[in-house]
Every structure is written in structure tokens, then in C-alpha cells.
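Read the structure below first, then the notes.
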Amino acid sequence: MSRKLTFAAVALTALCVLSPAMAADEANVAPGLTYSGAPLGLHGADPVALLDQGKNVEGDASYAAAHDGVAYYFASEEHLEAFEANPARYAPQYGGFCAFGVSVGKKFDGDPGFAAVMDDKLYVFLNEDVYKAYLKDRAGTITKAEGNWSAIEHTAATDL
């Protein structure tokens, strides 16, 4: 049986998964809404492919799931099912904001073209230069980001 989403199924999903308490800048999302009523995360890239295969694969709106008020697209039904079984594992860290940016107390866009997996967690970065800066001190960058995230998570990016 196909898992492609119908509009009715997606609308019902949106009612069940959106978090009304979430502030506007807790997740890095594209402007506008998906069928689920949630904004799109990871620029539409498949988080399962990023984490499990280390590949930036464009997702398909036919395979969509929302988690913590963010919609994610997947390249296949198999990837959608993997995400639904454990969304916390596959969702990007820091709401999909650039991990290096978070390490310096900022919320920069996270580009899935510059992603890394460390300790089975997905991190995204602003661009190639920022990604290279992360590579110079991976553990230190993540340690600093972990320390900063709780202080900036609920703060608008423009206020940082």
C-alpha cells in the first residue's frame, strides 16, 4: 500500500503534530507552509539520506512528515517510515540552524549541502567556509553549540 500522502491525511497530520507553543525561530524553516501546515525544514532535503548515507538527496513532497512543527520531505517511503519510527534521531540538531553559528551564539541558515554526522546526530552548516571552520575543531564546535543552544533556542535570529 502506498504511503503517499493525500491532502486529507496531511491536514490531519498537521493538526496532530504542530506545536502551538513553538516560537517562530526555534527551527530553521523555509517561508510558507507545506500541505501539513508546517514550514519546510532542511530546504527539502531528506534527513534520513543525510544521516544514514551521508548524501544530500532532495526529498519529495509526496513523502512528508512533520515533527516538532517542522515538515520534512523524504526520497522514498522507506525513508519516511524510518523517520516516523524515530524522528528525534533524524531531525537536525539545533532546529536545523548552522551548528557553527550556534557555537558562537547565532542562528545562521543551515544548508544540507554542508552537513556532518557526529555521534549519530545530524548537523548542518551555513556554507563551505563555515563547514571548513567546523572541521578544524569538530568536538569543540559541538561542545560550544550544546552550551549555547538552550540560551538561544527561543530567541529570534534577528535578536542575536
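Numbers for the structure displayed
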| read-out | value |
| --- | --- |
| Relative packing of peptides 78-90, 41-53 - highest average C-beta neighbours within 10 Å first | 41-53, 78-90 |
| Under the Karplus curve 6.51 cos²θ - 1.76 cosθ + 1.60, θ = phi - 60°, whole-Hz ³J(HN,Hα) for the stretch 92-106, x wherever Gly or Pro sits | x, 5, 6, x, x, 7, 4, 5, 5, x, 4, 5, 10, x, 10 |
| DSSP beta bridges in the chain [antiparallel fraction, %, rounded to 5] | 85 |
| Separation in nanometres of the label points that stand 7 Å from Cα toward Cβ, at GLU77 and ARG89 | 2.1 |
| Kirkwood estimate for the stretch 61-127, i.e. one over the average of 1/r between Cα atoms, Å | 12.5 |
| 5 angstrom amide H check on LEU122, placed H, neighbours 5+ away | GLN93 |
| Where labels lie 7 Å past Cα in the beta-carbon direction, separation of ALA139 and ALA156 in nm | 3.9 |
| Karplus-derived 3J(HN,Hα), 6.51/-1.76/1.60, for each residue of the stretch 69-77, Hz, glycine and proline x | x, 10, 8, 10, 9, 10, 7, 7, 4 |
| Residue-wise HN-Hα coupling along the stretch 143-160, computed from phi with Karplus coefficients 6.51, -1.76, 1.60 (Hz; x: Gly, Pro) | 4, 5, 5, 4, x, 8, 4, 4, 7, 10, 3, 9, 9, 4, 4, 6, 8, 9 |
| Mean Cβ count within 10 Å, highest first, over the residues of peptides 138-145, 100-107, 57-64 | 100-107, 57-64, 138-145 |
| Charge-dipole axis of the chain as Lys and Arg at +1 and Asp and Glu at -1 on Cβ define it, positive-most pick from PRO47, GLY59, ALA115 | ALA115 |
| Relative pair counts by distance (%), Cα atoms of the stretch 84-160, 5 Å bins | 3, 18, 29, 27, 16, 6, 1, 0 |
| The chain: radius of gyration over Cα atoms, expressed as a fraction of 2.2 N^0.38 Å | 1.00 |
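Read-outs: derived from the displayed coordinates by stated rules, not from any lab. These numbers come from a predicted model, not from an experiment. Here Cβ is always computed from backbone atoms with ideal geometry, including for glycine, and neighbour counts include all displayed protein chains.
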